[in-house]
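Below is one structure, written out as structure tokens; comments come after it.
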Amino acid sequence: MDSDRIIGAGKELGGKVQQRVGEWTGDAGTQAQGLADQAAGAARNVYGQARDGVRDAVRGLADTAPDYADQARETGRHYYRRADRAVARQIGDHHLAALLVAGGIGYVFGWLLHNRH
């Protein structure tokens with residue numbers, strides 16, 4: 001728990017007490033100060049809650065990030081295997097076409113490298 005939450009709750013409670021004292025004594029200034037302290041305490045409490053929320057979110061993200069990385073890696077492996085099988089199936093069905101395409105790619109690279117020199 002964030003210290004701002006504790007301080008804010010204490011200030012809010014003190015403001016309520018101060019407001020009640022102002023009501024009992026009929027002192028409008030004390031009442032107003034009590035209301036102001038309540039508002040300041042509530043604001044600090046909310047600020048502390050927000051800090052706790054951010055801290056918890058960061059911790060949660062740090063805890064789940066390895067799981068997301070593992071899941072992404074497994075998904076990548078799955079799609080790689082599917083693509084590998086699909087390519088192997090296509091090459092297996094069309095040996096000559098695959099050989100001609102590979103030869104054509106090799107010829108183009110050779111031609112490009114030879115023309116550069």
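Listed here are the residues, each with its yes/no results for (1) in contact (Cβ under 8 Å) with a residue 24 or more places away in the chain; (2) of a type in the set (Asp, Glu).
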residue: Asp4; (1), (2): yes, yes
residue: Ile7; (1), (2): yes, no
residue: Ala28; (1), (2): no, no
residue: Leu35; (1), (2): no, no
residue: Arg44; (1), (2): yes, no
Any residue in the range 99-114 that is touching a residue at least 60 places away in the same chain (Cβ under 8 Å) sitting within a Cβ distance under 7 Å of a residue that is open to solvent by less than 70 Å² (accessible area, probe 1.4 Å)? List the pairs, counting only those 6 or more apart or interchain. none
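Looking at the structure I just gave you, is Asp63 open to solvent by 80 Å² or more (accessible area, probe 1.4 Å) and either modelled with pLDDT under 85 or on the phi > 0 side of the Ramachandran plot (or both)?
On the way: open to solvent by 80 Å² or more (accessible area, probe 1.4 Å): yes; either modelled with pLDDT under 85 or on the phi > 0 side of the Ramachandran plot (or both): yes.
When the stated conditions are applied, Asp63 passes them.
The values are calculated or read from the model by the stated rules, or taken from the named source; none is laboratory data. Only a predicted model underlies this, so the values are computations on that prediction, with no experimental measurement involved. Glycine gets a Cβ as well: all are built from the backbone with ideal geometry, and neighbour counts include every protein chain shown. All accessible areas refer to the heavy atoms of the entire protein, side chains included, with ligands and DNA or RNA removed. Shrake-Rupley method; radii C 1.70, N 1.55, O 1.52, S 1.80 Å.
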